[in-house]
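The values are calculated or read from the model by the stated rules, or taken from the named source; none is laboratory data. All of these numbers come straight from a predicted model, not from anything done at the bench. Positions of Cβ are generated from backbone atoms using ideal geometry, with glycine treated the same way; all protein chains shown enter the neighbour counts. Heads up: the accessible areas ignore ligands, DNA and RNA and are worked out on the full protein's heavy atoms, side chains in. Shrake-Rupley method; radii C 1.70, N 1.55, O 1.52, S 1.80 Å.
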Amino acid sequence: MHVRLMCPIAALVCFLPVSAQPVKTEHVTAELVAERSAVQPGQSLHIGLHLQHIPHWHTYWRNPGDSGLPTTLTWTLPAGSEAGAIEWPAPQRLPIGPLVNYGYEGELLLPLIFTAPADAQPGSTLNLEAKATWLVCRDVCIPESATLRLQLPVVGGGAAVDALTPGSTEHTALFERTREAQSEPLAGWTVDAQQAGRELLVTFSKPLEPAAPRPALQLFPYAEQVIEPAQHEVFRTDSGYAVKLRLLDGAAAPVSFSGIVVAQGDSVPGTPTVWGGTRRSAEFDTPVRTVAALQWPEGAKALAQEAVLTTETLGGAPDLGWATALLLAFVGGMVLNLMPCVFPVLSIKLLSLAKHGGDQPTDAAALRTHALAYSAGVVLSFLALAALLLVLRAAGSVIGWGFQLQEPGVVFVLALLFFALGLNLMGAFEFGGLLPQGLATWRDRRPAVDALASGVLAVMAASPCTAPFMGAALGYAITQSPAVSLSVFGALGLGMALPYALLVLLPGWRSRLPRPGAWMLRLKQALAFPMFLTVVWLVWVLGQQVGIDGAAKVLIALVVLAFAIWVASGRSTAGQGGEGQALARRVIGGLMLAGALAWSWPVGALGGGEPATARTAKPGSPEAAWAPYDETLIAERLAAGQPVFVDFTAAWCVSCQVNKRLVLHTDATMQAFAQANVALMRADWTQRDARITEALARYGRNGVPVYLLLRPGREPLLLPEILTAAVVRDALATL
């Protein structure tokens, strides 16, 4: 071929797409990509591993932090070619319970330099192959790997080379963005590292203008298993920064310390940063000197950083052991009986106790059986919910306590159940009348079955709530082994069951009740109204989840339920007819109810209206003062020196709604927030939201309500689950 033809052919090759086939796993899509569309013999260019994580999953940096493994590449290359080491972009801190890892979420490029063989023939294609392995994690970690290939055309020199400009492949812009996230040597700064015991203080000093920007920063060490990643305090000084770290217990004292420092939101890309160059990340390496006590630079003042888990609580301790968690769970379970979400079930329990009142002789063995059955129902229900929660989290679901009420179908079933219980208490029907005679007889002979069912129902009603002491215990339990977790949930169940069991077993107070009579019927009917109020609340929750049209369908289903019960119970025929007609009535009532359920079941197809949580609050209302939960906005507010109050709430959490109306949305509290210049943010957990679940886990919590005051440069403050105006005022007084 004549030389004059080489350049046009080479130019054509330059704009052919580089061939690479992505490999998609369950959690990551991986492929090899190149910054340019071709390479010359002996020339170097950037190629890289392109990973796209599914939401909320991550892989790891070169130093993974507390746990994890870095991504690796094992190459099979043409003879004479070479692939360099990964040029790691700056990672992010990834809090997981009490741990902090270093890694990446979303889209990631791990670039490296590839050098083509010097004897590569123009017009040929280089076939590159790499075995990529990575550990991808969320609540669980899964090792994955893929064999990836990249075909890179070879071109000759000459005019065609001028066409090899950035942007010649679809991934060039990604390489440019990644380059901005890589580190450059730290120049013009003096770095010093001091060690005193387990404390390590790294200072960065440079003469700075008084008005020079001082963005928050994060430090990532290169060496693994040297420091505790969760301990990371950043201070602004008169001459720069100081970062206080803690060495791992038992780790050898480092002779030198190296890593990168990353300025958070430092500047617009392409403009000078606090480090002097155009990149937010800078690389440092300094010897470590041992001192008796840390020598702090002048003017050290804490900078707002990400919230850490060493939180201060009003009246609580931040770190829990197993014994403490068991005690808190047990006490929290007892207090749970006083929470608003359990009030409806109290009607059934009070009625049951009243039946044993007066001067009627009562079988002590029957009472013990009743107390034991109720307690078993409570404890087993807590254990079953906990086991399901642990299984779902192990399968990758980001969920927490009360997760079942994030499903509209569960809320719908509970609305039907409580409505039926209300009708029963009003005397509209008896459960035995809806059952076949044999089953009804079996149930009458076993009253413990009703006590067991009452315990299950109490847990279903209580599960949306988090009582005082309970939040810290559940937050601890969810990060432990299954055996430890179940033991904590079991203690919670025992605490909730104990007060009622004691009332059943202690006969003295029951002798003061009036003799059974007409008052018991009136009490039974009156206690139906808490049930109906619960139904109103549940329908409101469904309206939040599936919209007003969905809530209307549920109301129609409740009417059909009442009509089906009326038919099945024989009230429509005054109870006439034999067992055959009774069976027919039950079948007809059951079919009517099944049809209503099929038509109105609120899973995806229900609704059509806009969920209330997505609507704009009325201007001037207290709700309008609360911004939706946004971690980026939180970081911006804290960096600007403004405290942030976060309300972790849900429509199905009765305690949350009570606190909102009696405390948070009062004029006095809203005025106190305004005077303290506090930014208000609401994390609505009514529907499943992995961001909020993960945020709760970072603060050692696993359910709502949770109230958090984030203070610039200081540790976050957790408020109690039951709020008062005084508690909020005391918290704001710490600013």
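Computed values, structure above
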{"read-out": "Subset of segment 465-489 that is at pLDDT 80 or above and open to solvent by 10 Å² or more (accessible area, probe 1.4 Å) - its residue that is farthest from Leu708 (Cα to Cα)", "value": "Ala483"}
{"read-out": "Any chance Thr59 is of a type in the set (S, T, N, Q), modelled with pLDDT of 90 or more and buried (at least 19 other Cβ atoms within 10 Å of the Cβ)", "value": "yes"}
{"read-out": "Some residue of segment 678-685 being buried (at least 16 other Cβ atoms within 10 Å of the Cβ) and within 16 Å of Ala733 (Cα to Cα)", "value": "yes"}
{"read-out": "Selection from segment 375-391 of residues that are open to solvent by less than 10 Å² (accessible area, probe 1.4 Å) and either of a type in the set (D, E, K, R) or at pLDDT 85 or above (or both)", "value": "Gly377, Val378, Phe382"}
{"read-out": "Scope segment 632-666; condition without any contact (Cβ under 8 Å) to a residue 24 or more places away in the chain and in a strand (DSSP E or B); matching residues", "value": "none"}
{"read-out": "Residues within segment 392-409 that are of a type in the set (A, V, I, L, M, F, W, C) and modelled with pLDDT of 80 or more, tallied", "value": "0"}
{"read-out": "Conditions (1) surrounded by 17 or more Cβ atoms within 10 Å (Cβ to Cβ); (2) out of contact with any Lys or Arg (no Cβ under 9 Å at 6 or more places or on another chain); (3) within 18 Å of Ile142 (Cα to Cα); number of the one not met by Gly106", "value": "(1)"}
{"read-out": "Residue list for segment 127-157, filter: β-branched (Val, Ile, Thr), out of contact with any Ser or Thr (no Cβ under 6 Å at 6 or more places or on another chain) and open to solvent by less than 10 Å² (accessible area, probe 1.4 Å)", "value": "Val155"}
{"read-out": "Search result, residues across segment 689-704 that are in a loop (DSSP other than H, G, I, E, B) and β-branched (Val, Ile, Thr)", "value": "Val704"}
{"read-out": "Candidates Thr669, Thr686, filtered to the one that is touching a residue at least 12 places away in the same chain (Cβ under 8 Å), in a helix (DSSP H, G or I) and of a type outside the set (Phe, Trp, Tyr)", "value": "Thr669"}
{"read-out": "Residue check, Glu82 open to solvent by 10 Å² or more (accessible area, probe 1.4 Å), closer than 16 Å to Val136 by Cβ, among the charged types (D, E, K, R) and free of Cβ contacts under 8 Å to residues at least 60 places away in the same chain", "value": "no"}
{"read-out": "One residue from Glu35, Glu107 being at pLDDT below 95 and in contact with a helix residue (DSSP H, G or I) (Cβ under 6 Å, 6 or more places away or on another chain)", "value": "Glu35"}
{"read-out": "Condition met for Ala596 (open to solvent by less than 20 Å² (accessible area, probe 1.4 Å) and at pLDDT 80 or above)", "value": "no"}
{"read-out": "Matching residues in segment 100-126 - criterion: being over 43 Å from the mean Cα position of the chain (by Cα) and not in a loop (DSSP other than H, G, I, E, B)", "value": "Thr115, Thr125, Leu126"}
{"read-out": "Residue list for segment 66-79, restricted to those being in a loop (DSSP other than H, G, I, E, B) and either touching a Lys or Arg at 6+ places or on another chain (Cβ under 6 Å) or surrounded by fewer than 13 Cβ atoms within 10 Å (Cβ to Cβ) (or both)", "value": "Ala79"}
{"read-out": "Residue in segment 662-675 that is open to solvent by 30 Å² or more (accessible area, probe 1.4 Å) and within 21 Å of Leu542 (Cα to Cα) present", "value": "no"}
